[in-house]
Amino acid sequence: MIKIYNTLTKKKEVFRPIEEGKVKMYVCGPTVYNFIHIGNARPYIMFDVVRRYLEYRGYDVNYVQNFTDIDDKIIKKSKEEKVSAKAIAEKYIHEIFVDADGLGVKRATTHPRVTQEIPEIIQMIQTLIEKGYAYEVKGTVYFGTKRFENYGKLSKKKQEDLEAGSRVQVDNDKENPMDFVLWKPKKEGELSWSSPWGEGRPGWHIECSCMAKKYLGDSIDIHAGGTDLIFPHHENEIAQSEAANGKRFANYWMHNAFLNINNKKMSKSKGNFYTVRELSELFTYDVIRFFMINAHYRSPLNFSESLMEAAANGLERIQTAYYHLTDLLKRTSHDKIKEEEVAIEKALNDYRLKFEEAMDDDFNTADAVAVIFEIIKLTNKTTTIDSSSSLIQLCLDLLDRLGGLLGITLKKKQELLDNEIELLIEKRQQARKNKDFTLADEIRDQLKKQGILLEDTREGVRFKRI
Ligand code: AMP
Ligand code: ZN
């Protein structure tokens, strides 16, 4: 029985999908004008884990994550780089997939893009106007927040509080300060589409309501994103969808807490800002993912180099234990489980149940990773060359199953074999003889990248692994 903390009710609730055996899940995606940063990697990885666990529990998950491919920031960047907004979006969608693939994030069932959904967006805005929830002023269409009774139900904000505390721009065309834009008129030189309200483009919030409806239906099971999206983005999505469709929009609202850097909010101007790409070069994608899943998605998470190093060490311990088991499996000569191994078999099964209990409890990956460490402690202590291959296989299967579910890379990256290194050293010596020092240096640098250090000694070239 899976329990999910629902931001809407502020309680952990038993997960019951709308349709038995199926999950309709929508996760808000990025605006594509830059490489993703380490904070963005958190929802990517954590909701990927949620999806994998739901699949492990037998659900067929329809997972939708959008790309916002038209927006002020994209237009600004396209002007700076003197290329089209489309070219900027294409470039960063490609780069985001490179990072997401590296982090082991499974592709969504559908990755819709705003610019490919304009007719549906116009249709939904039209419906909102017809039903009296939206109004047009001089080519801009607004959602009238006071016209929707339940406005504020997710963020628990009341209209009066919202107005009193709001920093929203004064806009005399709006009925109320909290009203938000559904369609905005074209500005010179910007990408635009024709609509019943003139040339223009959609506001930000309407795309998610529209894509969720098109790809998942009027009512969905899980809607997710970072806590910063609760207000106004998700509040506005609820208003748009429920007003237009006349049905409850999402049953479970999940929000990941923020990631800070060295205990401070991430900020480009203060320099405490890292992209996933640069960190992948320093620590590898596998370590980044392992670092993330070590914390529960609702706990605030601090990022620092020393915490990343600790994560790298932890992952190394798991990979070493896994390697040790695969090595034993090749060398053991007994096959059937021995009598004295029955207790270990039972302990392994208990660990699986403990792992599932942690994950059933609002996807507690921190506790689930702790169980993986308990498993490797047990296997390190109890498996030897005298163990049966059946037991070793059981240990490997369990690690494959649970580690795979969290997306932990269990196999060490293929290391260069000694004779391959010797061949490269010979090639380098030959290059030096031919005075091709560029090639010689290239070979040395390549080896260094793979952790092989060359030392020129009187007896010839030696190498050591670092
Ligand atoms: P954005 O491109 O800023 O809309 O962000 C894409 C996703 O990343 C959203 O779900 C945000 O809530 C999430 N996000 C942005 N910054 C952070 C952060 N520092 N920690 C965790 N999640 C974040
Ligand atoms: Zn959204």
Given labels modelled 7 Å from the Cα in the Cβ direction, how far is it in nm from Leu423 to Lys22?
5.3
Determine, from the Cβ-Cβ distance of Lys73 and Asp228 and an R0 of 22 Å, the FRET efficiency 1/(1 + (r/R0)^6), rounded to the nearest 0.05.
0.90
Accessible area per residue in Å² at 1.4 Å probe, computed on region 1-41:
47
Residues of region 296-333 with amide N under 19 Å of a point placed 7 Å along Cα→Cβ from Ser267
301-304
Which percent of the accessible area of the chain is formed by carbon and sulfur heavy atoms (probe 1.4 angstrom)?
49
Once you charge only the Cβ atoms, +1 for Lys and Arg and -1 for Asp and Glu, what is the size of the charge dipole of the chain about its Cα centre, to the nearest 20 debye?
640
Label points 7 Å out from Cα along the Cβ direction at Leu453 and Arg57: separation in nm?
4.9
How many angstrom lie between the Cα centre of region 332-350 and the Cα centre of region 167-221?
61
Reachable lysines from Lys377, Cα under 27 Å, same-chain residues fewer than 8 places away excluded?
Lys330, Lys336, Lys338, Lys346, Lys354, Lys411, Lys412, Lys413
The rounded separation in angstrom of the Cα centers of region 359-391 and region 249-306 is 26
For Lys186, go through the lysines and keep the ones whose alpha-carbon is under 21 Å away, minus same-chain ones fewer than eight residues off.
Lys73, Lys76, Lys77, Lys79, Lys82, Lys86, Lys138, Lys174
Equivalent ellipsoid semi-axes, region 419-465, via Cα gyration tensor eigenvalues times 5, rooted, Å:
16, 13, 9
For region 313-406, report the translational diffusion coefficient in µm²/s to the nearest whole number, using Stokes-Einstein at 37 °C, 0.692 mPa s, and a Kirkwood Rh over Cα pairs.
244
Give me the extension gain from Leu378 to Val98: residue separation times 0.36 nm, minus the current Cα-Cα distance, reported in nm with one decimal.
97.2 nm
In whole angstrom, note down how far apart the Cα centers of region 406-466 and region 1-75 are.
43
What's the Cα-based Rg to Rh of the chain, Rh via Kirkwood?
1.06
Fully extended, how many nm does the chain gain between Lys186 and Asp367 (0.36 nm per residue separation, minus their Cα-Cα distance)?
60.1 nm
Hydrodynamic radius by Kirkwood for region 366-466, inverse mean 1/r across distinct Cα pairs, in Å, is 17.1
The answer for region 313-406, accessible area per residue at 1.4 Å probe in Å², is 49
Taking a probe of 1.4 Å and leaving out DNA, RNA and ligands, region 419-465 shows per residue an accessible area in Å² of 79
Extension gain Asp218-Lys153, at 0.36 nm per residue separation less the Cα-Cα distance, in nm?
21.6 nm
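The values are calculated or read from the model by the stated rules, or taken from the named source; none is laboratory data. What you see is a predicted model, and the numbers here were worked out from it, not measured in a lab. Backbone-built Cβ (ideal geometry, glycine too); neighbour counts: all protein chains shown. Ligands, DNA and RNA are excluded from the accessible area calculation, which covers all protein heavy atoms including side chains. Shrake-Rupley method; radii C 1.70, N 1.55, O 1.52, S 1.80 Å.
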